[in-house]
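Below is one structure; the comments refer to it alone.
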Amino acid sequence: MQPIVANDLTIGYGKKTIASGINFVLEKNDLIVIIGPNGAGKTTLIKTILGIIPPLSGYVEVLGCPAKHVCPHRKRIGYVPQIGRVPKDFPATLLDVVLSGLYPHKERFSKIGKEEKLLAMRAISEMGLSKKINEQFGKLSGGQQKRGLVARALIGHPDALFFDEPTSGVDVAAASDFRKKIIELKEKEGIPILIVTHDVNPYIPYLTKILVIGRGKVRVGGIELLRDIEFLKSVYGESIKVLEIEGKFYLLSGDFHDV
Ligand SMILES: Nc1ncnc2c1ncn2[C@@H]1O[C@H](COP(=O)(O)OP(=O)(O)O)[C@@H](O)[C@H]1O
Ligand SMILES: [Mg+2]
């Protein structure tokens with residue numbers, strides 16, 4: 001069974017179509033990187049797969065569960081959303097935030113017991129944050145908050161993990177550590193991963209597919225997509241330039257922000 005099958009999917013809001021003709025499969029051994037300019041529909045695509053918003057047409061199968069956006073299997077996907085810094089006075093500790101990752105799997109208002117706390121401590125330790133467990137979530141650094149959100153996703157033992165711009169707003173050293181961790185989750189834990197990013201380079205040795213989205217167009221393929229300049233122009237605009245230096249790709253355009 002494939003974790004995700006997207007079939008002739010059209011994504012958008014109400015009458016506004018953002019992109020259509022989206023077909024791809026996230027297989028068990030996949031690390032898929034999604035790239036595209038700002039406003040292209042990357043977050044919309046992730047939210048559609050997760051069932052947070054319905055597709056305009058077509059369907060997404062999650063872990064073999066057919067079609068409907070209410071499919072309960074979607075709880076089996078861990079999601080690290082694209083959020084800014086949480087305010088300093090946000091009234092929850094790291095432990096509270098991580099435990100909230102269990103709520104979709106529990107009866108509403110049922111008690112959190114010792115076992116759940118142990119699970120949370122394990123997920124927090126996995127992300128290297130054991131010393132911060134009782135700290136106010138808002139007082140953690142940007143990178144630590146993102147790690148905390150990964151711990152929150154991991155506590156439910158996800159069958160796949162989605163990351164939406166995980167390293168944006170994180171300082172260079174922390175971002176590099178964080179990417180290593182993401183890659184480890186795929187390589188060591190065997191969790192299939194889908195990740196939205198503006199910097200594909202760190203993932204090149206590990207990625208299995210690239211999905212490029214922009215201006216209503218979507219294509220899925222290997223690294224060769226980044227050599228198809230005509231296609232990239234149709235997605236990013238005429239001003240896009242791509243440099244390939246020692247196996248790394250640099251997309252140069254005024255149309256999007258880096259990382
Ligand atoms: N809730 C919404 N209702 C209507 N339009 C939206 C909504 N959220 C995002 N959009 C629009 O959808 C387009 C794609 O947004 P998004 O998926 O966030 O892009 P990306 O993640 O690639 O930057 C943008 O034009 C954005 O303004
Ligand atoms: Mg986005």
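The values are calculated or read from the model by the stated rules, or taken from the named source; none is laboratory data. What you see is a predicted model, and the numbers here were worked out from it, not measured in a lab. Positions of Cβ are generated from backbone atoms using ideal geometry, with glycine treated the same way; all protein chains shown enter the neighbour counts. We work out accessible area using only protein heavy atoms, side chains counted, and drop any ligands, DNA or RNA first. Shrake-Rupley method; radii C 1.70, N 1.55, O 1.52, S 1.80 Å.
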In debye, nearest 20: dipole of the stretch 1-142 around its Cα centre with unit charges on the Cβ of K, R (+) and D, E (-)? 380 debye
Sorted largest first, the C-alpha extents of the stretch 153-257 along its principal axes in whole angstrom are 44, 27, 24
Scalar couplings 3J(HN,Hα) for the stretch 8-23 by Karplus 6.51 cos²θ - 1.76 cosθ + 1.60 (θ = phi - 60°), nearest whole Hz, x for Gly and Pro, are 6, 7, 10, 10, x, 10, x, 8, 8, 7, 9, 7, 9, x, 8, 10
Can you list residues from other chains, or at least 5 along the same chain, whose modelled amide H is less than 5 Å from the amide H of Ala160? Gly78
For the stretch 187-202, what does the Karplus curve 6.51 cos²θ - 1.76 cosθ + 1.60, with θ = phi - 60°, yield as ³J(HN,Hα) per residue in whole Hz, taken in order and with x for Gly and Pro? 6, 9, 8, x, 8, x, 10, 10, 9, 8, 7, 9, 10, 6, 4, x
Over the chain, what is the relative contact order in whole percent, taking alpha-carbon pairs under 8 Å and six or more residues apart? 25 percent
Amide H to amide H under 5 Å from Phe90: which residues, 5+ apart in sequence or cross-chain, H placed 1.01 Å off N in plane? Gly138
At 1.4 Å probe size, with no ligands or nucleic acids counted, give the accessible surface of His157 in Å², nearest ten. 120 Å²
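Report in % the part of the accessible area of the chain that belongs to carbon and sulfur, leaving out ligands and nucleic acids; probe 1.4 Å.
Carbon plus sulfur share of accessible area: 52 percent.
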List every residue whose amide H lies under 5 Å from the amide H of Gly12, counting only residues 5 or more places away in sequence or on a different chain, with H placed 1.01 Å from N in the peptide plane. Ile18, Leu56
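Beyond 22 Å, what percent of the Cα pairs of the stretch 85-229 remain?
For the stretch 85-229, the fraction of Cα-Cα distances above 22 Å is 46 percent.
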20 °C / 1.002 mPa s Stokes-Einstein diffusion coefficient of the chain, Kirkwood radius on C-alpha pairs, µm²/s: 112 µm²/s
Taking one equal scatterer on every alpha-carbon of the stretch 128-205, how large is log10 of I(q)/I(0) by Debye at q = 0.12, 0.15, 0.17, 0.21 1/Å? -0.33, -0.52, -0.68, -1.03
Can you give me the relative contact order of the stretch 1-132 as a percent, contacts being Cα pairs under 8 Å and 6 or more apart? 21 percent
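State to the nearest 20 debye the size of the charge dipole of the stretch 129-259 about its Cα centre, where the only charges are +1 on K and R beta carbons and -1 on D and E beta carbons.
Here the stretch 129-259 has a charge dipole of around 380 debye.
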What's the angle, to the nearest 10 degrees (0 to 90), between helix 142-154's Cα axis and the longest principal axis of the chain? 80 degrees
I want the antiparallel fraction of DSSP beta bridges within the chain, as a percent rounded to 5. 60 percent
HN-Hα couplings for the stretch 204-217 via Karplus (6.51, -1.76, 1.60; θ = phi - 60°), in whole Hz with x for Gly/Pro, come out as 3, x, 10, 6, 9, 8, 10, 10, 9, 10, x, 6, x, 9
Kindly give the semi-axes, whole Å and largest first, of the ellipsoid equivalent to the stretch 1-90, taking each as the square root of 5 times a Cα gyration tensor eigenvalue. 22, 18, 14
Treat every Asp and Glu Cβ in the chain as -1 and every Lys and Arg Cβ as +1, leave all other atoms uncharged, and give the resulting dipole magnitude about the Cα centre to the nearest 20 debye. 820 debye
Can you give the relative contact order of the stretch 46-106 as a percent, counting alpha carbon pairs under 8 Å and 6+ residues apart? 22 percent
